[in-house]
Amino acid sequence: VVRVEKVRGRSAVTRCFAKYPLKIIVPSKVGPASSGAVWLYVLTYGGGIVSGDKISCAVTVGDGCTAAMTTQASTKVYKAVGSKCSEQVLEATVGKDALLAVIPDPVTCFSTARYYQKQVFHVSGDSNLVIVDWFTSGRYESGEKWDFTSYKSVNHILLEEYQPLFIDSVLLEQGSDCTIAERMQEYNVVAMVVLLG
């Protein structure tokens, strides 16, 4: 859980709580002080998400505040154990005249990994939002190109009273008729960028 509010005229983290397997680092000095932005680095112990992990994060960016959420490296999704799926859920609320930039490094799924993520953003008519949602073909250098079992990413942007503004879903699954590698051919990265405001 993270809350960013105005404190003495500047964006500041007023609440930050995380437990294993998630860690959130809020450095005191990132970029020029004049930017007034709070930076949140989301990390996982061991450098990735283990089969069966379920991570949930709630972020609130108050009126007039600026926050950037990122990672230190790609989000690694390790091999699945049986049919266990690794999951991440982000629910964010962006206030009036506020900006939230969600700009992580890409998700990289290892061979046989199963991954699901859902990101829901609640915005007002004058909120500002940047979302980068991207993933790679896997550990390409190790010969694991599109070798994961499943990848699903869902993104919703909702206006007040839960009015849908943007709904997106990406699903890649290994099939009996056609593998992910056959469908993706020579592509190694898929990315979506949303700019709102």
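The values are calculated or read from the model by the stated rules, or taken from the named source; none is laboratory data. All figures in this text were calculated on a predicted structure; none of them were measured in a lab. As a convention, Cβ positions derive from the backbone with ideal geometry for all residues, glycine included, and neighbour counts pool all protein chains shown. Protein only, heavy atoms only, side chains kept; ligands, DNA and RNA dropped before computing areas. Shrake-Rupley method; radii C 1.70, N 1.55, O 1.52, S 1.80 Å.
Observations, loosely collected:
- Sequence-ordered 3J(HN,Hα) estimates for the stretch 96-111 from the Karplus curve with 6.51, -1.76 and 1.60 and θ = phi - 60° stand at 5, 6, 9, 10, 10, 10, 9, 10, x, 6, x, 7, 10, 8, 6, 3 Hz, glycine and proline given as x.
- Of (i) 13.6; (ii) 12.6; (iii) 12.0, the label for mean projected area of the Cα convex hull in nm² derived from the coordinates: (iii)
- Of the peptides 104-112, 123-131, 138-146, the ranking by mean beta-carbon count within 10 Å, highest at the top, reads 104-112, 123-131, 138-146.
- Highest mean packing comes first when the peptides 182-193, 1-12, 75-86 are listed by Cβ atoms within 10 Å, giving 75-86, 1-12, 182-193.
- Helices in the chain, meaning DSSP H runs of at least 4 residues, each add -39500 (n - 2.57). Divided by all residues, the mean residue ellipticity at 222 nm is -500 deg cm²/dmol.
- Carbon/sulfur fraction of accessible area - the stretch 18-130, other protein chains in place, 1.4 Å, %: 54
- The residues of the chain have, on average, 53 Å² of accessible surface per residue, using a 1.4 Å probe with all protein chains present.
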